[in-house]
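First up is the structure itself, then whatever we jot down about it.
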Amino acid sequence: MLPERPDRLSAGLPQPDLMNIVTATRKYEAWLARQLPLLRTDLEFKHEQMGADRFAFFRATFYRWAQLWPAVCPELARAPRLLAVGDLHVENFGTWRDGEGRLAWGINDFDETYPMSYAVDLVRLAASAYIALAGAHLGLERQKASATILDGYVQGLKKGGEPIVLGEHHHWLRELAMSQLRDPQRFWAKLTALPTYRGPVPPGATKALERALPEPQLAYRVVHRLAGLGSLGRQRFTALADWRGGKVAREAKALAASAMVWSHGDSGSRRIRYEVILRRAVRCPDPFLHCRGRWIVRRLAPDCCRVELAELPEKHDAARLLWEMAWETANIHLASRKRIKDVRHHLSRQPQNWLHQAAAAMTQAVTRDWEEWRSR
C-alpha cells in the first residue's frame, strides 16, 4: 500500500510547487497502467524498497525526477535537446558480448529515452554519485565527482566518442567488471530455482522470446524474476532452456512511453525510442538485444549483467570509473549528432561548478521526497 500523505515536509529544504511524492506515485502508476498491465505484488515490493534506502528510492522514481527537474533546474531544462537516456545513474551500466564475442561495457537500460535537455543525464549521473557517496559506495569528494563527470563527457564529445571494449584497452575496467561477474554455477542455480510461471504469457512476449532462442522449437520454461527498480511492476518473462550442453536464458520486458511524457501532461509522443538510440549511438551493439513490438528482449548470462556498486572491489578508482561513465554518456548523446554543436556551445557558456550546483540541488529535492515517503 502507498503511504498516506504526511502532515509536513522536512524543514529547511527547497520545496518546488508540485504535488507530493505519494500523489505523484499514484498518478504515475495509474497512467502507466493505462499503457500496460502492472503486477501489484511487484509494485508493493518496489514501494517497500523506496522507503528502505535513498539510492533505491532514487533509482525507482525517475517519474518524480521528470517532475522536479524543470522546477529545480529551469534554465538547464531548457538547454539544447537531444535523445537522452533519462534514467541515468551509476548502476545503469553493465557488460555484454558484442558480435565478435568481445566483452563490452556501457549503459544498459534505455527505458526512459526521450528527447530532452542533454544536461538531464549529466545532472542525474552526478546526483546518483552524490547519493552513492553518502552511502559510502564511492570514495570521492562531491565536487571532484561532478568535475570528473563533466571532463569525461566533454572529452568524449571532443573525440567523437569511442565504444568501450574490455579487450586490449581499458585493462583496469575489465578487471573491475570481471571481479563482479557472477559465477556461472551460482548464476544459473539462482535462475533455475525460480518456479515456473503459471499465469498467461502475452502472445507478443511468447513470440519475442521464441525468436530470441538459439534455435526454433527449443523446449523451454518461463519464470518471473524481480529485477531493477525503475521498471519493477511491469511484466517480465524469462525463458530458460538447455541447449547443446549448457543453459541459455532470454528475457522479455514490457516497454512503455517515457515518464517524461507523463510529466508533460501526456502531451508528448508515446513512441518508444529504445532501439533508435542504440542504433545511432557510438557503440558495439549487443546482437541479442532487440525491441519486438512493445517488448525489449535480451540475453541473460553471467557475463551479461549490470554492475552493482556493492559488488565492486573495496579498492577501486572511483574517479576513473565516473570518468568512463561520462564518456559513455557522450557515446550515447552522439546518437543526436546534429545537436552536438549546440551542446558544446551551451557547455562553453556555463559558469564554474554549474554541474555540482545542479546535482546538489536535485539531490536535496530527492532527499526531501525520500524523507516524506518514509514518514508514511
Discussion item. Here are labelled values, (i) 140; (ii) 150; (iii) 211, and one is the computed volume of the Cα convex hull per residue in Å³ for what I pasted. Which one?
Written reply: (i)
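To the nearest 0.05, what FRET efficiency results for HIS345 and ASP317 with a Förster distance of 30 Å applied to their C-beta separation?
Computed FRET efficiency for HIS345 and ASP317: 0.40.
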Worksheet item: Which length gain, in nm to one decimal place, applies between ALA219 and GLU100 when the Cα-Cα distance is subtracted from 0.36 nm times their residue separation?
Response: 40.1 nm
Discussion item. Using a Cα-Cα cut-off of under 14 Å, which aspartates and glutamates could be cross-linked to LYS159, ignoring same-chain neighbours fewer than 8 residues away?
Written reply: ASP151, GLU324, GLU328
Discussion item. If I stretch the segment between THR206 and ASP242 completely, what's the gain in nm (0.36 nm per residue apart, minus their alpha carbon distance), one decimal?
Written reply: 11.2 nm
Fill in: Gain on full stretching of the segment that runs from GLU175 to LYS338 - 0.36 nm per residue minus C-alpha separation
55.1 nm
Worksheet item: Is it possible to state the helix-based mean residue ellipticity at 222 nm for the chain, with each DSSP H run of 4+ residues giving -39500 (n - 2.57), the sum divided by total residues, to the nearest 500 deg cm²/dmol? What is it?
Response: -14000 deg cm²/dmol
Discussion item. Modelling each spin label as a point 7 Å along the Cα-to-Cβ direction, I'd like the ASP266/ALA193 distance in nm, to one decimal.
Written reply: 4.2
Practice prompt. Could you pull out which residues in the range 355-369 have an amide N less than 12 Å from a spot 7 Å beyond the Cα of ALA134, following the Cα-Cβ vector?
Written response: 360-369
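None of the figures in this text is laboratory data; all of them are computed from the coordinates on show. Everything numeric in this text was worked out from a predicted model, so none of it was measured. Every residue, glycine among them, receives a Cβ derived from its backbone with ideal geometry; neighbour counts consider all protein chains shown.
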